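Enquirer: Can you read through this structure? Questions will come right after.
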Amino acid sequence: KAQKMRRGSRESPDQAWLLDAGTDDERSLLVAYVLLVIGGMWGAHHAYLGDEETARKYRLTLGYCLVGVVLDMCRLPGLVAEANARLMHDLENSLAEVANARQYSPPRPAGEAGGEDEDEDEEEEEEGSDDELIIPPTPVTHGPELDEEAANKVGFILEEFLCCHDVTEAVECMMDLHKLARYSKAVLDESVVRRGLEMALDASPKECTLMAKMFCSLVDQAVLVPEDAAKGFCDIFLDLSDISIDIPKAPELLASITAEMLKTGHLDSGVVKAGLVEFQSQDAKNYKFFEAVHASVK
């Protein structure tokens, strides 16, 4: 059986600064619980987590007549995780905007500068080109680990599919899974893809093909989006060093599935590309199986 996957710290040294930049703004679970106890009926914890709309509703209804406050006692870890994921997503968008702004160079009006001035500007640009700041690729934002109850539901859905290969039932089960309010749909879908790939790789090449077909069907029916599916694949990229110890054929099988789903548009190519860059820096041995895949998304 495959060893339990280690998520741990996935960032490469040249990307660590990006993740560290958001550390000071991360929401604390302890602070959120304190605010829930002190001012839960007024929505203080929701305001702290950036959900002003829910906070306003709590103030108007005294925390949905305290029922919402009681439920939040159990939901708070997931709410904090989602708030921190949103903060990291906003940070990455800000970084991308800065990078795009630096790459943009407005055209000079015709006749504004000519002759010697243009030659001097060109020489200065050539001299300064070597000193330009190289922005590292935006890393993939990996979702949090699920709690035991949610992880068991995900495992049940996938075990049922591997047993019966019934896509219709898998779609219905996925829709029920999305009703878990303490996790966003994106986090749940990424976990389903990651766990499904782990189980299929541990089973057989045939099960890998069937699992990929199920993911494609979920995307076609708008139950799963290509971006979240790609994040689940990126999670497995970073675990291949562990998986390949027990399943030597795993890198080759995963590369084949990835290439096929990219070709049919069922995986987001931008997310896969970022995941492969991170994968290349951490596991050169297994990355060689993905060189052709990486080349196809450049």
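Enquirer: For the range 28-70, what class follows from the C-alpha gyration tensor (a ≥ b ≥ c being the square roots of its eigenvalues): rounded when a/c is under 1.5, otherwise prolate if a/b is larger than b/c, else oblate?
Expert: oblate
Enquirer: Within a Cβ distance under 15 Å of LEU60, other residues only, what is the Lys/Arg minus Asp/Glu net charge?
Expert: 0
Enquirer: Next question, about the same structure. For the range 166-213 and the range 223-251, what is the separation of their C-alpha centers, rounded to whole Å?
Expert: One Cα centre to the other: 13 Å.
Enquirer: Moving on. Any chance you could list the semi-axes, whole Å, largest first, of the equivalent ellipsoid that the Cα gyration tensor gives for the range 163-298, using √(5λ)?
Expert: For the range 163-298, the semi-axes come out at 24, 16, 14 Å.
Enquirer: So how much slack lies between ASP176 and LYS206, counting 0.36 nm per residue of separation and subtracting their Cα-Cα distance, in nm?
Expert: Separation in residues times 0.36 nm, less the Cα-Cα distance, equals 8.1 nm.
Enquirer: Give me, ordered by chain and number, the residues 5 or more places off LEU224 or on other chains with an amide H under 5 Å from its own placed amide H.
Expert: Under 5 Å from the amide H of LEU224: VAL219.
Enquirer: Please arrange VAL70, VAL219 by accessible surface area, largest first, computed with a 1.4 Å probe and ligands excluded.
Expert: Ranked list, largest accessible area first: VAL70, VAL219.
Enquirer: Assigning unit charges at the beta carbon (Lys, Arg +1; Asp, Glu -1) and nothing else, what dipole magnitude in debye, to the nearest 20, does the range 182-224 show about its Cα centre?
Expert: So the magnitude is around 100 debye.
Enquirer: Could you check how much of the accessible area of the range 149-217 is carbon and sulfur, as a whole percent, using a 1.4 Å probe?
Expert: 55 percent
Enquirer: At R0 = 51 Å, how high is the FRET efficiency between PHE156 and VAL34 if r is their beta carbon distance? Nearest 0.05 is fine.
Expert: The calculated FRET efficiency here is 0.90.
Enquirer: What whole-number value in Å² describes the accessible area per residue of the range 230-271 for a 1.4 Å probe?
Expert: 35 Å²
Enquirer: Not counting ligands, DNA or RNA, and with a 1.4 Å probe, what is SER269's accessible surface area in Å² rounded to the nearest 10?
Expert: For SER269, the solvent-accessible surface is approximately 60 Å².
Enquirer: With a 1.4 Å probe and every protein chain left in place, tell me how much accessible area TYR33 has, in Å² to the nearest 10.
Expert: So the heavy atoms of TYR33 present about 70 Å² to solvent.
Enquirer: Using the charge dipole of the range 177-291 (Lys, Arg: +1 at Cβ; Asp, Glu: -1 at Cβ; taken about the Cα centre), state which of MET214, GLY275, ILE243 has its Cα farthest towards the positive end.
Expert: Toward the positive end, the furthest listed residue is MET214.
Enquirer: 5 Å is the cut-off here: which amide hydrogens, built 1.01 Å from N in the peptide plane, fall below it relative to ASP268, excluding neighbours closer than 5 in sequence?
Expert: The list, which skips near neighbours in sequence, is GLU227, ALA230.
Enquirer: May I ask you to give the average projected area over all directions of the convex hull of the Cα atoms of the range 169-209, in nm² rounded to one decimal?
Expert: 3.1 nm²
Enquirer: Okay, moving on. For LYS249, what is the net charge nearby, where nearby means another residue's Cβ is under 13 Å from its Cβ and Lys, Arg count +1, Asp, Glu -1?
Expert: Combined, the nearby Lys, Arg, Asp and Glu give -3.
The values are calculated or read from the model by the stated rules, or taken from the named source; none is laboratory data. Keep in mind that what you see is a predicted model, and the values were worked out from it rather than measured. FYI the Cβ positions are ideal-geometry reconstructions off the backbone, even for glycines, and counts take in every protein chain you see. We work out accessible area using only protein heavy atoms, side chains counted, and drop any ligands, DNA or RNA first. Shrake-Rupley method; radii C 1.70, N 1.55, O 1.52, S 1.80 Å.
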